[in-house]
Amino acid sequence: MKEYIVSRWMTSPVITVTPETSLEEARQLIEAHHIRALPVVEDDKLVGIITRRGLLRLDLSFVDEGSAEAGAPHEIETMREVMTRRPITVTGSTSMAEAAQIMLENKITALPVVHGEDLVGILTNSDVMRFYTARHQDIGAELLIRDYMTENVETIEPDGALLEAHRLMSMGHFRSLPVVKNDQLLGIITRTDLMSSDPSRRFSRNQQEESMQILTTPVEKIMSAPVITVRPESSVTEAAFLMMDNKIHSLPVLDAEQKLVGIFTESDLFLITSQKLNN
């Protein structure tokens, strides 16, 4: 059905950069437009992509041992040096179920949509969320969060360092990290929070001491609070609308005693979408 293909739900036109776009300009575009990925286009052809997660990995390399060598983030000048080449793509006729499955399996948040080599759109997590809430909310109304949430949630304490949050999120491919003390949820750290505190944008290679001061800052200083949450008995549809309406990508799950028992993310919703459309 036409309603179930990528061309119906993709974002178009697309905000893009060229291989010669500066790293700082790309950061500004991602933050100003609240997007997660920028396709890199040369002569109207898709040649790469840069993501919010990729930029955070650059931030980590800035403070890793040996970051003062060539290739540290503050020495990188253009997208050509950091973009992911030959990104995974789909076409406008790809089904939404297949696109959601590709995003899940590859742990990516955006899929450039191409016609031949030409970029015609981009499908993001937000587009899949919009598709779900528009077409499948009745199905989700019967599904409960407790059956689909991720348990054994990775967390950080409020006095944990910003650098620790960086590394936990990078290694685990997390988009958010609940801040917890004594089983009580105090806040949440997101990739947006981390980008706003990025030291590699403020300091040059001979100012490592100042940048490390930022990265040892307790996460409670920059975490988002209060946090929008759901209960285990909440419906998947309720969670989907909460995420879409509030432009967030995960929901901590609290029990009746307000203890963190899980987290429900866009990836969990994508899995449901893929399963239901393929059944």
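Annotations
- The listed residues are Val128, Val114, Val153, Val120, and the only one of them that is in a loop (DSSP other than H, G, I, E, B), β-branched (Val, Ile, Thr) and either under 18 Å from the mean Cα position of the chain (by Cα) or surrounded by 17 or more Cβ atoms within 10 Å (Cβ to Cβ) (or both) turns out to be Val153.
- Unique match (being hydrophobic (A, V, I, L, M, F, W, C) and out of contact with any helix residue (DSSP H, G or I) (no Cβ under 9 Å at 6 or more places or on another chain)) among Ala32, Ala26, Ala37: Ala32
- Hey, Thr11 of a type outside the set (D, E, K, R), at pLDDT 90 or above and touching a Leu at 6+ places or on another chain (Cβ under 9 Å) or not: yes
- Asp59 being outside the structural domain of Arg191 (by TED's automatic domain parsing), out of contact with any helix residue (DSSP H, G or I) (no Cβ under 8 Å at 6 or more places or on another chain) and modelled with pLDDT under 95: no
Residue-by-condition table, conditions (1) in contact (Cβ under 8 Å) with a residue 40 or more places away in the chain; (2) closer than 25 Å to Glu238 by Cα; (3) not polar (S, T, N, Q):
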| position | (1), (2), (3) |
| --- | --- |
| Ala100 | yes, yes, yes |
| Thr109 | yes, yes, no |
| Asp118 | yes, no, yes |
| Leu144 | yes, yes, yes |
| Gly160 | yes, no, yes |
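- Matching entry among Leu251, Leu215, Leu242 (being crowded, with 18+ Cβ neighbours inside 10 Å, closer than 18 Å to Ser126 by Cβ and in the same structural domain as His166 (by TED's automatic domain parsing)): Leu251
- Residue check, Ala32 surrounded by fewer than 20 Cβ atoms within 10 Å (Cβ to Cβ) and assigned to a helix (DSSP H, G or I): yes
- Boolean, Ala100 is on the phi < 0 side of the Ramachandran plot, buried (at least 21 other Cβ atoms within 10 Å of the Cβ), modelled with pLDDT under 90 and assigned by TED's automatic domain parsing to the domain that holds Thr21: yes
- Residues of the range 162-184 that turn out to be within 19 Å of the chain's Cα centre (by Cα), in contact (Cβ under 8 Å) with a residue 40 or more places away in the chain and part of a loop (DSSP other than H, G, I, E, B), as a count: 2
The values are calculated or read from the model by the stated rules, or taken from the named source; none is laboratory data. This structure is a prediction, so every number in the text was calculated from the model and none was measured. Backbone-built Cβ (ideal geometry, glycine too); neighbour counts: all protein chains shown.
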